[in-house]
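Notes follow the structure.
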Amino acid sequence: MAQKLILPVNNCKVTVSYKWGNAYALNYDGRTHYGMDMYGNSTVYAIGTGTVVACGWDNVCGNVVVIRYNDVADHVYGGSYDVIVRYYHLASIRVKKGQAVTKDTVVGIIGSTGTHVDGIHLHLEIDKDTQYPCYTPTLSGNSNLLKRGRRGAKDTTIDPRRVLHCKVSAPDRQSIAAVNGTNWVDPRDAQIPKIQ
């Protein structure tokens, strides 16, 4: 049975959605936003059962953790597939490369590290390209840990809303809200399925 990924932070507030809104383009020099920005409780968790494939300091995105999750349910389009999830801007990292994780594993502490940040938040990026886990369209050039998207390759990132769920039962007791209005945030982000 496909696994249902859950939110990486409790009391989640989404501040910028995936590829959403004119406000982002105006304030960030027109760059496409390939992830979901959020804040909430300071602890960042793994969002399901997976394996850490990379982690460490990146000169652009700060403290980064990259985790592979297999057989992930897509509640928007149906089916399941493997994904790479990249966590950016962490204040600190609590996992190691090769480590197996579950939804109860602490990945790190939310932060504001890296060069393209405007406050404490987590940037969560989800990619179906599991062959190149550290390649991201967020970068226009290679950094030390992350690499810019492969030349000529199509964008393989997906909207995190497609695979994330809000786990409302104990011990997680998660909640999600959209903030900053619809110019920055897709209101559907706050309507992801709730699971027990």
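Here are the numbers:
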read-out: Rough spin-label spacing in nm, given labels placed 7 Å along Cα→Cβ, for Ile195 and Thr102; value: 1.5
read-out: Built amide H within the under 5 Å cut-off of Val107, gap 5+; value: Val44, Tyr45, Ala46
read-out: Under 13 Å, Cβ to Cβ, from Ile195 - net charge with Lys/Arg +1 and Asp/Glu -1; value: +4
read-out: Percentage relative contact order, region 106-172, counting C-alpha pairs under 8 Å, at least six apart; value: 24
read-out: Sequence-separation-based contact order of the chain, relative, with Cα cut under 8 Å and 6+ spacing, percent; value: 27
read-out: Distance between modelled label sites at Lys154 and Asp118, nm, 7 Å Cα→Cβ extension; value: 3.2
read-out: Length released on extending from Lys147 to Tyr81, taking residue separation times 0.36 nm less the Cα-Cα span; value: 21.5 nm
read-out: Other-chain or far-sequence residues with amide H under 5 Å of Lys147's (modelled H); value: Tyr135, Thr136
read-out: Amide proton proximity set for Ile195, modelled H, under 5 Å, gap of 5+; value: Cys166, Lys167, Val168
read-out: Helical mean residue ellipticity (222 nm; -39500 (n - 2.57) per DSSP H run of 4+; nearest 500) of the chain; value: -500 deg cm²/dmol
read-out: Peptides 183-189, 67-73 ordered by average Cβ neighbours within 10 Å, highest first; value: 67-73, 183-189
read-out: Low-density loop positions, trypsin sites (Lys or Arg not before Pro), region 124-160 - DSSP coil, at most 11 other Cβ in 10 Å; value: Arg151, Lys154
read-out: Counting DSSP beta bridges with both ends in the chain, the antiparallel % (nearest 5); value: 80
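Bear in mind these aren't lab numbers, they're just calculated from the coordinates by the rules spelled out. Source: prediction; values computed, not measured. Backbone-built Cβ (ideal geometry, glycine too); neighbour counts: all protein chains shown.
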